[in-house]
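The values are calculated or read from the model by the stated rules, or taken from the named source; none is laboratory data. In this text, all values refer to a predicted model and were calculated from it rather than measured experimentally. All Cβ positions, glycine included, derive from the backbone under ideal geometry; neighbour counts span all protein chains shown. Please note that ligands, DNA and RNA were not included when accessible areas were found on the heavy atoms of the full protein model with its side chains. Shrake-Rupley method; radii C 1.70, N 1.55, O 1.52, S 1.80 Å.
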Amino acid sequence: QVQLVESGGGLVQPGGSLRLSCAVSGFTFSRYAMSWYRQGPGKERELVATITSVAGITNYADSVKGRFTISRDNAKNTVYLQMNSLRPEDTAVYYCHAVRSWSDYWGQGTQVTVSS
């Protein structure tokens with residue numbers, strides 16, 4: 001019933017751009033804060049960006065500030081991550097996450113590889 005489906009991952013060159021999407025169903029999307037996490041090879045999962053449910057307040061990891069932008073379209077039940085000026089260290093599996101009081105859900109992830 002609950003689904004978070006990421007898409008938009010792939011292979012890009014350093015300095016390139018990519019936009020990830022996460023399509024949500026099975027819960028009231030507009031009531032949930034949404035986040036993107038990532039996990040690179042041999043690394044722990046880390047929080048990349050967050051956007052709140054009502055006010056749309058955003059927050060970013062220091063490593064991506066000025067390069068990545070998180071946004072949401074509540075009418076389409078979709079959250080996005082626009083990634084610009086990509087670096088090899090951005091290579092990771094990117095995961096979509098939804099959270100509110102007493103509930104949270106994870107997507108299966110989409111691979112982003114930044115390489116020349």
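Taking the Cα centre of the chain as reference, the dipole from Cβ charges on Lys and Arg (+1) and Asp and Glu (-1) amounts to some 200 debye. Accessible area of Thr110 (1.4 Å probe, protein heavy atoms only, ligands and nucleic acids ignored): about 20 Å².
Using Cα pairs under 8 angstrom and six or more residues apart, how large is the relative contact order of region 25-109, in percent?
Once normalised by length, the contact order is 30 percent.
Rg ratio for the chain: its Cα radius of gyration over 2.2 N^0.38 Å, N being its residue count, equals 1.00.
The residues of region 43-116 have, on average, 56 Å² of accessible surface per residue, using a 1.4 Å probe with all protein chains present. Could you check how much of the accessible area of region 5-116 is carbon and sulfur, as a whole percent, using a 1.4 Å probe? With neighbouring chains kept in place, the figure for region 5-116 is 47 percent.
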